[in-house]
Each structure stands twice: as C-alpha cells, then as structure tokens.
C-alpha cells in the first residue's frame, strides 16, 4: 500500500484495503457501514466476562489475565444487561494482523460516551489502553464500565471505533473548546437509578426518564461531584477533509472537572462540503471530588488535529449520521427532547 509510506491517519479506502488483504479480519462478514471516513467501527462478539477489577495485560495475553480476575462469563448472543458500577471485558469480532509501520488507536463511539459508558480497548501484551502496537497480530478486547445507566448489549453491538495510523503522530494544531451555557436548556444531567438503555435501539427511549434538563443562571452551572452532564461547545467544530481530530481533556489544574471521553471526529464533520456547517461538539462532563462552578465560554477541552495520508473517498455524514449539523444533542438512543 503506497499510502502506508506517509505518516498520518488512514482514510476509509486504505482501511478497506487492509480488510481485503487480511490485515483486519472478523468472525462474521463486515457490515456495509462499518468503515467510516477515517475509522472502523468494532463489534462485540459472543462472550464477555464480569471482572473484579480493570487491568492491563502487560507481559501476558488478555485471556491469561482474565483467568485471575474473571468472576463469571456473560453470553451476549441473546442480549445481556451490563450493570452500572460493574466492569466487564468483552471479546470483539475483529482481529488484527497489522503490517509493519501500521499502528492503531481506539476511542468510544459518540453514542457510547453520551450514555456514560466507559470503554477502553485491550490487546495482548499491551502496556496502554486504546493503543495497538505497530505490526500487532492478535485478538482485541473491550473493557466496558457503565457509569450512570445499566445498558443492554448483544453480539454485534458497536461501542468503539478504531483508527489506523502510519508513522509518528503529526499534530497540525490544537484548538481550545469552550462550553455554551446560554439558551433555555443548556445541558442535561443524567438521572440516577433510571431504567435500562438498549444500545441497539435508536430513538426508542423517552429522554425525560433518563435526563434532567439544565437551565443555568447568569451563564453559570454548578457541577456536583460524581454527576454526569451533557453540554455543548460554544463554537462550531469543523474538521477539514484532509484531517481528523480528537477531543482531549484540558489540564485538570484549571478546574475540578473533566471531559472524560476522548471523542474522535472524522474528516468532514461540520463542513460545508459534507453539509454540516455549524455543527457543535457535544461534551460529556463529570465533576471530580469538589463542586465546581462552570461559566459560559470557559475552556473545557482541546481539539487535537492530525493529518490523513490522503483525502477519504467519503466524508462524515455521507452514509448518514445522527450528529452532523448537531447542536446540544443526546445520543441516538433517545427521542428528541419535547417530542
């Protein structure tokens, strides 16, 4: 592959070439919409394990470490409830046999982060979550930890995505992201002890059963420790067609909170070319140990841009998306507020 010789994130056509060449395989045929403009959706396989603690494999395989921490096996083929406050390790259908010079990094999908489900990728002998080593050959797994809501998942549920890279990371620029605390409803707070969220059921949940609308006073919002908030960026987000971006937390020294799910933006998000001009970034925010007053426009995250090896054959939204042209918006599992 000629584009693997250039540093950067691989676009959809290069990902499809890796699949065709066997570098990415799967237990079942790949689905038509699984390859995004610069990322690949990953699917749960048939088994998961409830574990007593999170772990990194280190010098062992994931299955070897599971023998020490697994409490019981969970069958996903007919659907299973993953309880909030618990940690699970699930097999993924996809398996990697990356060429030399190609590495990978995973992120939660937008819909996963917006229901406060914490997920991280694991690979055999891995020393860090979400990062897959150059030339890795082996299975991949997903740590799943629902925080606010218990969730229903099953085989083929998609909770995270993988982007493939060549060479060392090439950061183009970093932009600050501020929070918008204007408008009649400026955000939502997750309700404790709410019902079950089916992660494969789109537009099927009444948001009033799961979320409390927030109406900040004088452009301020008090974040309570341990609570989960959905907010929106002050400025529009636009990802050029030759770049992708990752939303990362700011230095915690500037505030006792965190935008705690690193979000990935595919090329074309928020652009005129992809009919998404004016799209905002949605922020998943959790306060730490102390209450914290957030103010309108305050910086809450950074957008880190990276180049693609070449322009993708399709852009974000070309296959349809719930989040192109979005403002403040809950995940796709919920009906629009007020409807």
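Which members of segment 22-55 meet the condition of being in a loop (DSSP other than H, G, I, E, B) and under 30 Å from residue 66 (Cβ atoms)?
Result: 22, 23, 27, 28, 29, 30, 31, 34, 52, 53, 54, 55.
Please determine whether any residue of segment 249-259 is modelled with pLDDT of 95 or more and part of a loop (DSSP other than H, G, I, E, B).
Checked segment 249-259: no residue is modelled with pLDDT of 95 or more and part of a loop (DSSP other than H, G, I, E, B).
Quick check on segment 72-81. Is at least one of its residues at pLDDT 95 or above, assigned to a strand (DSSP E or B), surrounded by 14 or more Cβ atoms within 10 Å (Cβ to Cβ) and in contact with a helix residue (DSSP H, G or I) (Cβ under 6 Å, 6 or more places away or on another chain)?
no
Anything in segment 56-71 that is in contact with a strand residue (DSSP E or B) (Cβ under 6 Å, 6 or more places away or on another chain), surrounded by fewer than 17 Cβ atoms within 10 Å (Cβ to Cβ) and not in a strand (DSSP E or B)? List them, or say none.
69
Quick check on my filter: what residues within segment 119-130 are crowded, with 17+ Cβ neighbours inside 10 Å and in contact with a strand residue (DSSP E or B) (Cβ under 6 Å, 6 or more places away or on another chain)?
Within segment 119-130, 119, 120, 121, 122, 123, 124, 130 meet the criteria.
What are the residue pairs meeting all of these: first residue in segment 40-69, first residue in the same structural domain as residue 141 (by TED's automatic domain parsing), second residue surrounded by 17 or more Cβ atoms within 10 Å (Cβ to Cβ) and part of a helix (DSSP H, G or I), Cβ atoms under 6 Å, and 6 or more apart or on different chains?
Hits for this filter: 40/15; 49/66; 55/65; 57/65.
Going by the structure shown, is residue 192 farther than 30 Å from residue 81 by Cβ and surrounded by fewer than 14 Cβ atoms within 10 Å (Cβ to Cβ)?
No, not satisfied.
Select, from 14, 38, 104, the only residue that is crowded, with 18+ Cβ neighbours inside 10 Å, within 21 Å of residue 267 (Cβ to Cβ) and out of contact with any strand residue (DSSP E or B) (no Cβ under 6 Å at 6 or more places or on another chain).
14
Residues of segment 134-146 being touching a strand residue (DSSP E or B) at 6+ places or on another chain (Cβ under 6 Å) and not in a strand (DSSP E or B), which ones?
Within segment 134-146, 134, 136 meet the criteria.
Do we find that residue 278 is closer than 26 Å to residue 36 by Cβ, in contact (Cβ under 8 Å) with a residue 40 or more places away in the chain and surrounded by fewer than 20 Cβ atoms within 10 Å (Cβ to Cβ) in this structure?
Criteria met by residue 278.
The values are calculated or read from the model by the stated rules, or taken from the named source; none is laboratory data. These numbers were taken from a predicted model, which means no experiment stands behind them. Counting neighbours? That spans all protein chains shown, and the Cβs are built from the backbone with ideal geometry, glycine included.
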